[in-house]
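The values are calculated or read from the model by the stated rules, or taken from the named source; none is laboratory data. All figures in this text were calculated on a predicted structure; none of them were measured in a lab. Cβ placement follows ideal geometry from the backbone for every residue including glycine, while neighbour counts extend to all protein chains displayed.
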Amino acid sequence: MSTQPDRVLIFDTTLRDGEQSPGATMNVDEKLAVARQLARLRVDIIEAGFPFASPGDFEAVQRIAAEVGTPEGPVICGLARATRPDIEAAARSLAPAAKGRIHTFIATSDIHLRYKLKKSRDEVLAITQEMVALAKSFVEDVEFSPEDAGRSQPEFLYQVLEAAIAAGATTVNIPDTVGYLTPREFGHLIHGIRENVPNIDQAVISVHGHNDLGLAVANFLAAVENGARQLECTVNGIGERAGNAALEELVMALHVRRQYYNPFLGRPAESEAPLTQINTQEIYKSSRLVSNLTGMLVQPNKAIVGANAFAHESGIHQDGVLKNRLTYEIMDAQLIGLNQNQIVLGKLSGRNAFRSRLKELGFELSEQELNRAFLRFKEIADKKKEISDRDLEAIVNDETLQV
Ligand code: KIV
Ligand code: ZN
């Protein structure tokens, strides 16, 4: 019987892989605040940390397990290398969670085996079997990752995955650890796994990827087209080096383009049922919280949550959006919890946008007043990058406008 879920599960690793960004460390209270927000966002699984890594991480996972890991809340997951001490620490820290998951991993690429692990393929296969079985002795829900799967020899990868599932893994996660694959290659990799791992239907296929070439989100979407049903991602895409796949981009791509993705999940194309259980209204708040607590700024042109993501500056675009927002917007800003799109007034803005903002600020000008104010606005906009509401008030109140 297939265990594939009928929607896409969102596995958030902001608190584990995301926290591995240089300079992004959070203390236990800050991690708890993020975990609570992730629960409001309704992620399916929170990877709360790497309990063996430090006493602080152990405590964070344990407290998140106790406070956020309620029966109605998300699954709480702890990372563990494929070693006994790591797995035992993860099991202890997860004990208070209603639904706990141990995520254990070992590298499978030749380059990692040779230089990092100094182990043969047979040894890695044996460790996988033994450590997945150990994790299974503590929790029912076990995830296994063959690290650097993207550069692993496919036949060996299939063998390791088959062994992990036979030993009790309920999720097999396929990491593109170094962000090397292209979307087509990632799609083929997932397809190959479905075709060649005989017991694959007994586990959920998950994907994990880094953004070294800026392809993580595109790779995941290709993976969904080929049967992946769990996406490992972080808020704002923070993480090692160039970061992880960004949660907000994945969720909104699956939402905005649901009619395109529906058939890959066996649904009628026109179905309006959401593909994830994420409460998109909490996306913007989650982004701000993670940015404030980690000190990692969000670039203004970042998709979905950047300051400019719903801002229109050019006159042509502003005019179009004011007539019908669908001319230049593929989603409503309110969907991610923002109040409205932002019309940014600057030197390229047109009269229509200018008049509309003044109206919002409570000014109703005659045509003559508007003409004079607009001329003054253009003069100022030539010298300033953006015109604030205060500038507008000053323009309108300027005596020179009085006729
Ligand atoms: O990037 C990676 O391979 C990881 C694993 C531990 C899943 O973070
Ligand atoms: Zn990673």
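Here are the numbers:
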| read-out | value |
| --- | --- |
| Unique match (being hydroxyl-bearing (Ser, Thr, Tyr), within 16 Å of ligand 2 (Cβ to nearest atom) and either surrounded by 18 or more Cβ atoms within 10 Å (Cβ to Cβ) or free of Cβ contacts under 8 Å to residues at least 12 places away in the same chain (or both)) among Thr234, Thr280 | Thr234 |
| Region 1-39: number of residues that are assigned to a loop (DSSP other than H, G, I, E, B) and away from ligand 2 (no atom under 16 Å from the Cβ) | 12 |
| Condition check for Phe186: within 16 Å of ligand 2 (Cβ to nearest atom), of a type outside the set (D, E, K, R), in a helix (DSSP H, G or I) and under 29 Å from Val235 (Cα atoms) | yes |
| Checking Ile330 against (1) crowded, with 18+ Cβ neighbours inside 10 Å; (2) touching a residue at least 40 places away in the same chain (Cβ under 8 Å); (3) among the β-branched types (Val, Ile, Thr), the condition it does not meet | (1) |
| Residue tally, condition within 12 Å of ligand 2 (Cβ to nearest atom), surrounded by 22 or more Cβ atoms within 10 Å (Cβ to Cβ) and of a type in the set (Val, Ile, Thr), over region 145-181 | 2 |
| Residue tally, condition more than 30 Å from Leu254 (Cβ to Cβ) and assigned to a loop (DSSP other than H, G, I, E, B), over region 332-365 | 11 |
| Residue match in region 244-251 (condition: in contact with a Cys (Cβ under 7 Å, 6 or more places away or on another chain) and either without any contact (Cβ under 8 Å) to a residue 60 or more places away in the chain or small (Gly, Ala, Ser) (or both)) | yes |
| Matching residues, region 97-116, being under 15 Å from Asp141 (Cβ atoms), of a type in the set (D, E, K, R) and touching a helix residue (DSSP H, G or I) at 6+ places or on another chain (Cβ under 9 Å) | Arg101 |
| Total residues in region 63-72, condition within 23 Å of the chain's Cα centre (by Cα) and assigned to a loop (DSSP other than H, G, I, E, B) | 4 |
| Tally, over region 73-87, of residues that are more than 16 Å from ligand 2 (Cβ to nearest atom) and either outside any helix (DSSP H, G or I) or in contact with a helix residue (DSSP H, G or I) (Cβ under 8 Å, 6 or more places away or on another chain) (or both) | 7 |
| Which numbered condition Val142 fails, given (1) farther than 16 Å from Asn226 by Cβ; (2) among the β-branched types (Val, Ile, Thr); (3) within 13 Å of ligand 1 (Cβ to nearest atom) | (3) |
| Residue that is nearest to Gly295 (Cα to Cα), among those in region 222-244 that are outside any strand (DSSP E or B) and among the aliphatic types (A, V, I, L, M) | Ile238 |
| Selection within region 237-248 - crowded, with 17+ Cβ neighbours inside 10 Å and charged (D, E, K, R) | Glu240, Glu248 |
| Residue match in region 46-61 (condition: at pLDDT 95 or above, within 16 Å of ligand 2 (Cβ to nearest atom) and assigned to a helix (DSSP H, G or I)) | yes |
| Answer from Gly18, Gly23, Gly49, Gly56 - the residue that is under 14 Å from the mean Cα position of the chain (by Cα) and small (Gly, Ala, Ser) | Gly18 |
| Residue that is farthest from Gly78 (Cα to Cα), among those in region 158-176 that are within 16 Å of ligand 1 (Cβ to nearest atom) and over 26 Å from the mean Cα position of the chain (by Cα) | Val160 |
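This table checks each residue for (1) farther than 26 Å from Ser287 by Cα; (2) modelled with pLDDT of 90 or more; (3) over 27 Å from the mean Cα position of the chain (by Cα).
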site: Gly320; (1), (2), (3): yes, yes, yes
site: Lys323; (1), (2), (3): yes, yes, yes
site: Glu329; (1), (2), (3): no, yes, no
site: Gly337; (1), (2), (3): no, yes, no
site: Asn341; (1), (2), (3): no, no, no
site: Glu360; (1), (2), (3): yes, no, yes
site: Lys384; (1), (2), (3): yes, no, yes
site: Asp389; (1), (2), (3): no, no, yes
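Residue-wise test of (1) among the hydroxyl-bearing types (Ser, Thr, Tyr); (2) away from ligand 2 (no atom under 16 Å from the Cβ); (3) crowded, with 20+ Cβ neighbours inside 10 Å; (4) part of a loop (DSSP other than H, G, I, E, B).
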residue	(1), (2), (3), (4)
Asp212	no, no, no, yes
Leu250	no, no, yes, no
Leu254	no, yes, yes, no
Arg288	no, yes, no, no
Asn301	no, yes, no, yes
